[in-house]
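No value in this document is a laboratory result; all are computed from the given coordinates. The structure presented is a predicted model; accordingly, all values stated were derived computationally and were not measured. Cβ placement follows ideal geometry from the backbone for every residue including glycine, while neighbour counts extend to all protein chains displayed.
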Amino acid sequence: MSTRASAARYARALLDAVAKTGNPEQVDTDLTAFDSLVARTPDLQKAFSNPAVPIAAKRAIVEKLLAQGGISGLAAKVLLLLAERDRLSDVGDLAAAFRDRLMEHRRIVRAEVTTAEPLGAERLAELEQRLAAATGRRVTMTTRVDPALIGGAVARVGSVVYDSSIATQLERIRERLEKR
């Protein structure tokens, strides 16, 4: 089974368990902290991905890191489970999958908004409200600027694209004129 599929299964089970008895945001923070520690420590990456390192040694390393990092509860149990199953290389995918599941659980979507020029706070808030109304969910936005749009905006929410850019409108007009 692929790493992402495996991570998605772990994430689903972890969210189901923590939603009933714990603090999902804390689990997200703990998984992200552990993942970033591993990502910035090449020796840990090598040890966790090396099949020659015994599983008991990997588990001991994880236990020590958990104690030092103050990670406990369900996040710690899942990390220890990954160590026992020699799946510690999946921690990054697990953290990302858990974050996505948590956002879905909280009914939050990510939107990437591209505009021709930077928007003020008031315009961004208005755009966020419109996207929330269109999706029926809370929206967290990231913005970027692309002068090639000429004006308007392009918003990507998941696989849906809302394109009100002037560049796209001009392209559509050009296509209609060429058909005549």
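In table form, for the structure just shown:
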read-out	value
Sequence-distant residues sharing a close amide H with Ser165 (under 5 Å, placed H)	Ala153
DSSP bridge orientation in the chain - percent antiparallel, rounded to nearest 5	55
Alpha-carbon centroids, region 72-116 and region 117-178: separation in whole Å	28
Local net charge near Arg12, Cβ-Cβ under 12 Å (Lys/Arg +1, Asp/Glu -1)	-1
Computed [θ] at 222 nm, helices only, for the chain once each DSSP H run of length n ≥ 4 contributes -39500 (n - 2.57)	-20500 deg cm²/dmol
Least to most buried among Thr41, Thr135, Thr142 (fewest other Cβ within 10 Å first)	Thr142, Thr41, Thr135
Listed residues Val62, Val161, Val113, most fluctuating in the chain (Gaussian network, C-alpha, under 10 Å)	Val161
Proximal charge balance of Glu171 [Cβ under 12 Å; K/R count +1, D/E count -1]	0
Among Gly120, Gly69, Gly151, residue whose mean-square fluctuation peaks in a GNM of the chain (springs only between Cα atoms under 10 Å)	Gly120
Angle in degrees between helix 3-21 and the longest Cα principal axis of the chain, rounded to the nearest 10	80
Partners for Lys20 among lysines (Cα-Cα distance below 27 Å; same-chain residues under 8 apart left out)	Lys77
Under 5 Å, built H, 5+ apart or other chain: amide partners of Ala111	Thr140, Met141, Thr142
³J(HN,Hα) computed for each position of region 134-145 - Karplus, 6.51 cos²θ - 1.76 cosθ + 1.60, integer Hz, glycine/proline x	5, 9, x, 9, 6, 10, 10, 10, 10, 10, 8, 10
Neighbour net charge for Val113 - beta-carbon separation under 13 angstrom, K R +1, D E -1	-1
Rounded to whole Å, sorted largest first: equivalent-ellipsoid semi-axes of region 71-158, Cα gyration tensor	37, 15, 10
Descending Cα extents along the principal axes, the chain, whole Å	72, 35, 29
GNM top mover of Arg107, Arg99, Arg40 - the chain, alpha-carbon springs below 10 Å	Arg40
Backbone HN-Hα couplings from phi across region 162-176 [Karplus 6.51/-1.76/1.60, Hz, Gly and Pro as x]	9, 10, 10, 6, 5, 4, 5, 4, 5, 5, 5, 5, 4, 4, 5
